[in-house]
1. May I ask you to compute the full-extension gain from residue 67 to residue 134, defined as 0.36 nm times their residue separation minus their alpha-carbon distance, rounded to one decimal in nm?
2. Given a Förster distance of 41 angstrom, what is the FRET efficiency for residue 185 paired with residue 213, based on the Cβ-Cβ distance and rounded to 0.05?
3. Contour minus end-to-end for residue 106 and residue 92, with contour as 0.36 nm per residue of separation and end-to-end as the Cα-Cα distance?
4. Tell me the label-point distance for the pair residue 224, residue 158, using the 7 Å Cα-to-Cβ offset, in nm and rounded to one decimal.
5. Between residue 55 and residue 173, what length in nm is gained on full extension when 0.36 nm per residue of separation is reduced by their alpha carbon distance?
6. Please give, to one decimal in nm, the separation of the simple spin-label points placed at residue 165 and residue 249, each 7 Å out from Cα toward the Cβ.
7. What is the packing order of peptides 123-135, 162-174, taking the mean over residues of other C-beta atoms within 10 Å and listing the highest first?
8. Let's test the formula: R0 of 41 Å, r as the Cβ-Cβ distance of residue 233 and residue 142. What FRET efficiency results, to the nearest 0.05?
């Protein structure tokens, strides 16, 4: 079962959370201030409820409805509280859209960073779990040229194939000490900068080093350095590397990392 499906099943239980929020309040992320659902937030829910999830376009419309003027300057508490009345539907929409979302889409960052982080924060709070933001760094080299028409068609459908591929999945854990005072822009900027700087570093690492058995320690050290540099009094970041896999000249190299 994929992550979206797993979390969606949990979100079905959030009907209780939504009802509680609409009738009163709910604790915010690692802090004392409460999230209160205001009348305009309920109106927002009514507007988005009018959009059926019958297609990717419908789901996309549901998500970007929350990208209004000045949204990035809202506090994390205020923005997240807007999502609560429509939470399960928003997560369904997110799972639909993320499957085929183009990295060049003008709303790519809003969907994959802003909404992703906020939905995950609410989900983790419901489970009283640590908040984390998942990502992947990747390096590809030596593109393979098709040898026949069959291979050409495969590449046309699946994209370019490379002789060397390296992937490392990671989770950025973060603690927002005052979500009622921290803006979406501050949170999103830190998460995006982490991803960008970590990927930029991997781009500079040689194939020989990436296939070295010590690569996890090397990457972890760099990730810790980036996380520390981005941490502030209001936002504390840390990173944990998860799985490391790769292929070099048709041979899987992830066995080198099985000890991790």
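Where a number appears in this text, it was derived from the coordinates with a stated rule and is not lab data. Keep in mind that this is a model prediction, so the values were computed, not measured. Note that each Cβ is placed from the backbone with ideal geometry, even for glycine, and that neighbours are counted across all protein chains shown.
1. Result: 21.9 nm gained on full extension.
2. It comes out at approximately 0.55.
3. Stretched out fully, the residue 106 to residue 92 stretch lengthens by 3.0 nm.
4. With each label point 7 Å from Cα toward Cβ, the separation is 3.8 nm.
5. Details: separation 118, 0.36 × 118 = 42.48 nm, distance 3.27 nm.
Taking residue 55 through residue 173 to full extension adds about 39.2 nm, to one decimal.
6. 1.9 nm
7. 162-174, 123-135
8. My answer for the efficiency is 0.35.
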